[in-house]
1. Confirm whether Glu42 is away from ligand 2 (no atom under 16 Å from the Cβ) and in a helix (DSSP H, G or I).
2. Taking Glu17 and the conditions (1) among the charged types (D, E, K, R); (2) away from ligand 2 (no atom under 16 Å from the Cβ); (3) within 30 Å of Ile137 (Cβ to Cβ), which numbered condition does it fall short on, given that it satisfies the others?
3. Can you pull out the residues in segment 70-84 that are within 16 Å of ligand 2 (Cβ to nearest atom) and in contact with a Cys (Cβ under 7 Å, 6 or more places away or on another chain)?
4. Kindly indicate the residue of segment 49-69 that is more than 16 Å from ligand 2 (Cβ to nearest atom) and surrounded by fewer than 18 Cβ atoms within 10 Å (Cβ to Cβ) and also nearest to Gly12 (Cα to Cα) among those meeting that condition.
Amino acid sequence: MEIKNKISCSCGKCGIELNDTSPKYSVMCACEDCRQALSWAEKNGGKKPKNILYSVYFRSDILNYFGLESMVVTHLQEDASSTRIYCKNCYSCIAVDHTNYHNNIFMIQPDYCKQNFNVQIPPKSVINLQDHPEDFIELDSDTIPVFHSRKYPQERKRFLSIEPIAEYLAPPKTKAKGITLRDLISKIGKIEVLDLIKGEVL
Ligand SMILES: [Zn+2]
Ligand SMILES: [Zn+2]
């Protein structure tokens with residue numbers, strides 16, 4: 001029987017298998033960087049990005065990986081905080097690291113890669129709505145906390161007060177059993193800098 005721990009690209013050439021498949025938390029993200037990164041992938045054959053993206057976080061603890069030669073690692077700009085792994089063939093985005101994740105967690109946007117286990121949990125907040133391209137936005141819930149930005153200390157504090165976000169946006173308390181996403185990124189080696197202009201619509 002197939003183990004239910006796999007995140008892979010849509011063509012099946014590359015992917016990772018997790019030691020811990022329980023989603024730690026999820027958010028809906030409207031940031032321009034996620035959208036731009038997926039638009040870049042779309043130009044290469046990937047799927048068209050939505051304006052708000054379901055984003056879910058897992059422990060950065062990888063049991064196994066396959067298709068390393070099909071993986072490409074990208075930064076939107078030289079000084080980017082996010083590192084994204086795509087399949088070179090189908091341009092699925094299979095994993096995202098961010099400096100704020102402290103090698104404790106990593107993120108996926110499940111609509112843009114494949115999983116063989118449940119990755120749907122209720123989102124804890126809607127973030128980065130300042131980057132949403134439309135003026136009036138319908139959200140699925142009218143009680144979920146929304147964040148226009150996180151540039152002010154009050155907003156960051158309010159974001160981190162939503163459990164269990166602060167726990168996971170901190171260095172890990174227990175060591176990964178397998179390799180971390182950052183270990184995998186260094187195995188892939190080279191980071192391709194896309195040199196995209198911040199906020200530019202592709
Ligand atoms: Zn692929
Ligand atoms: Zn985002």
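1. Working: away from ligand 2 (no atom under 16 Å from the Cβ): no; in a helix (DSSP H, G or I): yes.
No: the conditions fail for Glu42.
2. (3)
3. Quick first cut of segment 70-84, residues within 16 Å of ligand 2 (Cβ to nearest atom) only: 74-77, 80-84.
Listed by number, the list holds a single entry, Arg84.
4. We begin by selecting, within segment 49-69, every residue more than 16 Å from ligand 2 (Cβ to nearest atom); these are 58-69.
The next check asks that each one be surrounded by fewer than 18 Cβ atoms within 10 Å (Cβ to Cβ); those that pass are 63-64, 66, 68-69.
Values: Leu63: 18, Asn64: 15, Phe66: 10, Leu68: 12, Glu69: 13 Å.
Among them, the one singled out is Phe66.
Matching residues to (1) assigned to a loop (DSSP other than H, G, I, E, B); (2) within 17 Å of the chain's Cα centre (by Cα):
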| residue | (1), (2) |
| --- | --- |
| Lys4 | yes, no |
| Pro23 | yes, yes |
| Ser26 | no, yes |
| Gly46 | yes, yes |
| Ser55 | no, yes |
| Phe58 | no, yes |
| Val72 | no, yes |
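Only the coordinates and a few stated rules stand behind these numbers; no lab work does. If you're wondering where the values come from, they're calculated on a predicted model, not measured in any experiment. Cβ coordinates were reconstructed from backbone atoms using ideal geometry, including for glycine residues, and neighbour counts include every protein chain displayed.
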